[in-house]
Structure formats: structure tokens, C-alpha cells
Amino acid sequence: MSARNRATARSSRTADVLIPEKLYFRIGEVARLCHLPAYVLRFWETEFPQLKPVKSSTGQRMYRRKDVENVLRIKQLLYEEGFTIPGARQFLKSEGKGDKKQSPLPFPARSASDLKYVRQGLREILTMLSARH
């Protein structure tokens with residue numbers, strides 16, 4: 001197989017990745033989808049401004065579909081087209097893919113009155129449980 005055919009076979013693999021219809025993905029899911037170790041994704045976050053997964057309230061990296069698409073594009077540039085990291089960064093910058101800000105994840109926001117209501121309910125439960133002893 002010639003070098004060109006190998007490159008074509010590899011690029012079709014990257015291009016053929018089907019991204020499930022989900023709001024967000026954890027780093028392990030992205031690693032499996034993209035056939036990359038999680039540490040590579042964490043490193044690329046430091047090198048490419050296009051990769052900015054938001055963090056959940058528990059500190060988990062939550063990748064959006066656009067992040068996964070960017071990972072696949074970076075992988076293609078680095079592994080298949082032979083770009084260096086600075087070269088790929090510059091290429092992506094010139095494509096204008098890093099200019100858009102992501103909206104936050106749709107975690108439900110709770111108002112102070114909702115939280116007071118929940119706390120009061122929990123106190124009542126605690127009082128009932130304490131009274132049983």
C-alpha cells in the first residue's frame with residue numbers, strides 16, 4: 001500500500017466517526033470515539049484554544065459536539081496531514097474556528113427560594129428520622 005493510500009485510509013477512518021446525538025460527552029467517551037488516550041485530549045486543551053470543554057459542578061470535563069468535531073479535526077491535521085502542533089494551531093486559527101464562545105451546559109439553575117424549600121424539607125425529614133430513635 002502506498003503512502004498516499006495509507007493516508008487516504010486513515011483519513012476516511014477519522015471522517016467516518018459517528019458522533020452520537022447527545023448534549024455533552026465525558027472525556028472517556030471522547031477518547032473512545034476518537035481513538036485517543038484521555039491524556040492526549042487534556043494536553044490538546046492546553047495547546048488549542050478551540051478545545052474548551054466546560055466543567056460540570058463536579059469538575060468533570062464536559063465536551064460538546066463542537067468540541068468532539070474539533071478533536072477529530074486536530075487529530076486529522078496532526079496524524080494524517082502531518083502538521084506540527086503550532087502549525088495546526090495556526091491553521092485552525094486561520095479557519096476562524098476558535099472565535100466562537102460556547103454557551104454553558106444546561107444544568108438546571110436553582111433559585112435561593114428553591115434551595116430554602118429543599119433545605120426545609122430535608123430538615124423535616126431529619127426531624128422525623130430523629131424522632132424514631
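Just so you know, all these numbers are worked out from the coordinates, no wet-lab data involved. Computed from a predicted model, the values in this text were never measured in an experiment. Cβ atoms come from the backbone with ideal geometry, glycine included; neighbour counts cover every protein chain shown.
At-a-glance table
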read-out: Pairwise FRET efficiency - L18 versus R42, Cβ, R0 = 25 Å, nearest 0.05; value: 0.60
read-out: Local electrostatic count at V54 - Lys and Arg +1, Asp and Glu -1, tallied over other residues with Cβ under 10 Å; value: +3
read-out: Label point distance in nm, D114-E29, each placed 7 Å from Cα along Cα→Cβ; value: 2.2 nm
read-out: Which of F48, F83, F43 has the fewest Cβ neighbours within 10 Å, and the rest in rising order; value: F43, F83, F48
read-out: Three-way shape call for segment 21-74 based on the alpha-carbon gyration tensor, with the a/c threshold at 1.5; value: rounded
